[in-house]
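The values are calculated or read from the model by the stated rules, or taken from the named source; none is laboratory data. None of the values given here were measured: they were computed from a predicted structure. Heads up, the Cβs are rebuilt from the backbone with ideal geometry, glycines too, and the neighbour counts pull from every protein chain shown. Quick note on the areas: whole protein, heavy atoms, side chains included, nothing else; ligands and nucleic acids left out. Shrake-Rupley method; radii C 1.70, N 1.55, O 1.52, S 1.80 Å.
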Amino acid sequence: AANDMITLGLGYSENGGCSTNDDGSVGGTDGADNSTSVHAVVKPMDGLTLYAGKGEQQKNDGETYAAVYSYGPVSVGYQYTEIDLNAANDEEDSDSESTAASIAFAINENLSVSYGIWETEIDTQPKDQEVSGFDIGYSMGGVGINAYRHKGENMGGFANNESEKTEIRLSFAF
């Protein structure tokens, strides 16, 4: 259902758990697990958009909440996500909680910059995963250039497991 302020969505998917074997045959059970999801997008005032969603796949549950506020050339976003693996059991799994925040600024109609952070706590791991990144984009006519630098620390929740990536992209539209 949708109107000017609220959009709702529902999802359902049958997941038979079948897989293709090396010899081309199919293995697994048929119709054993299903996936369901529901989400809402609410725009209570100009510039503010709120998001909420919940889903289940097999024995895993997940939910997420987010807000984005835009005013003039500035947009600020925040997101919280929680994933409960094997939710039907009381066993300790690698459940996780993530928070993310970002800010974007359109310097002019051709140039924009953004910065974001994302922290994830994984229950069975000793460290929180922390990712941050800076992006800049410029476009003029059919030419665009985008550059970003992202850095991750304690990837997967493991100490001293780092990842860094820098990329520059040039695009042409004809």
Listed highest first by mean packing, meaning other Cβ atoms within 10 Å per residue, what order do 133-139, 70-76 come in?
133-139, 70-76
Can you give the accessible area of residue 81 in Å² (nearest 10), computed on protein heavy atoms with a 1.4 Å probe?
30
Rounded to the nearest 10 Å², what accessible area does residue 107 show when all protein chains are kept and the probe is 1.4 Å?
80
Heavy atoms only, probe 1.4 angstrom, no DNA, RNA or ligands counted: give me 128, 123 ranked by accessible area, highest first.
123, 128
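Compare the peptides 55-61, 38-44 by average per-residue count of other Cβ atoms within 10 angstrom and give them in order, highest first. Walk me through the numbers before you get to the answer.
Details: 55-61: 15.7, 38-44: 14.0.
Answer by packing, highest mean first, reads 55-61, 38-44.
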List, largest first, the extents of the alpha carbons of segment 83-165 along their principal axes, each in whole Å.
56, 29, 19
Pairs over 31 Å Cα to Cα, from 127/165; 59/165; 43/151; 54/151, come to 59/165; 43/151
